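The values are calculated or read from the model by the stated rules, or taken from the named source; none is laboratory data. This one's a predicted model, so the numbers in the text were calculated from it and none came from an experiment. Here Cβ is always computed from backbone atoms with ideal geometry, including for glycine, and neighbour counts include all displayed protein chains. Please note that ligands, DNA and RNA were not included when accessible areas were found on the heavy atoms of the full protein model with its side chains. Shrake-Rupley method; radii C 1.70, N 1.55, O 1.52, S 1.80 Å.
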Amino acid sequence: MNGTAVTKPTAASFVLQTSTTPPTGATLTNTTRGIALSASAAVNLAAMMAETDVPSGHWQATMLGVYTGGLSNFTLPSIAVRDAVNNKAVEFGISANGLGDYRLDYYITSGGVGLNNRVNDIASQDVGLPQPAQPVWQRLTYDGTNFIWSFSRDGEFFIPAYSVLATAALTNLSKIGPAVIFAPNIAQTWSASFHVLSWSVISL
């Protein structure tokens with residue numbers, strides 16, 4: 001882990017949001033190294049998000065997170081952006097791909113505060129992508145038109161891996177933050193924790 005790149009987050013900077021039926025025992029807490037978005041049990045079609053305001057104009061969010069828990073079938077630790085007016089959200093991250101593989105996933109949700117239901121997702125696989133069970137540096141950039149998702153091995157050099165029109169799913173960019181999405185067909189109900197060791201959002 002590149003210590004010079006780390007910006008330690010605190011729970012007071014975020015608000016916990018969940019799907020209408022939340023993951024069991026969903027909480028947002030401080031840890032000695034950052035914050036943890038945790039649940040005592042995974043639940044089908046459930047989600048939890050630690051959110052903060054999106055800056056106006058162009059921006060860039062960078063996160064270092066470590067996920068602990070069951071991943072099958074398609075659990076997605078992610079960076080999420082939520083439209084608080086129309087109650088929709090998009091999520092970007094490395095998810096499980098069934099029982100024994102992983103993938104990059106662009107996920108769209110709606111209902112409740114925007115986290116209830118899967119609307120669509122677009123996935124891609126590449127041997128160069130980081131595995132979801134290891135610490136993952138990821139970055140989401142908004143350039144005024146597109147969302148650009150990137151990943152890094154060291155928190156310094158980021159590789160763009162996916163780009164999509166921001167208005168393809170969202171009208172308003174209201175909130176942003178770490179999130180965990182449990183798909184409609186999870187294969188386990190283990191406890192889960194998304195430990196966010198570094199978080200920053202800057203205007204460009």
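One residue stands out in the stretch 102-133 among those that are assigned to a loop (DSSP other than H, G, I, E, B) and of a type in the set (Val, Ile, Thr): the one that is least open to solvent (accessible area, probe 1.4 Å), namely 113.
The residue that is most open to solvent (accessible area, probe 1.4 Å), among those in the stretch 154-179 that are over 28 Å from residue 72 (Cα atoms) and part of a loop (DSSP other than H, G, I, E, B), is 157.
Identify, please: which residue in the stretch 47-56 is over 11 Å from the mean Cα position of the chain (by Cα) and in a strand (DSSP E or B) and is, among those, surrounded by the fewest Cβ atoms within 10 Å (Cβ to Cβ)?
Filtering the stretch 47-56 for residues over 11 Å from the mean Cα position of the chain (by Cα) gives 52-56.
Right, trim to in a strand (DSSP E or B) and you get 52-53.
Details: 52: 16, 53: 14.
In this case the residue turns out to be 53.
If you go through the stretch 30-63 and keep only what is within 18 Å of residue 14 (Cβ to Cβ), β-branched (Val, Ile, Thr) and either touching a residue at least 24 places away in the same chain (Cβ under 8 Å) or in contact with a helix residue (DSSP H, G or I) (Cβ under 8 Å, 6 or more places away or on another chain) (or both), you end up with 31, 35, 52, 54, 62. For the stretch 134-153, a tally of residues being outside any strand (DSSP E or B) and within 14 Å of the chain's Cα centre (by Cα) returns 1. All conditions but one from (1) under 20 Å from residue 59 (Cα atoms); (2) open to solvent by less than 50 Å² (accessible area, probe 1.4 Å) apply to residue 188; the one that does not is (1).
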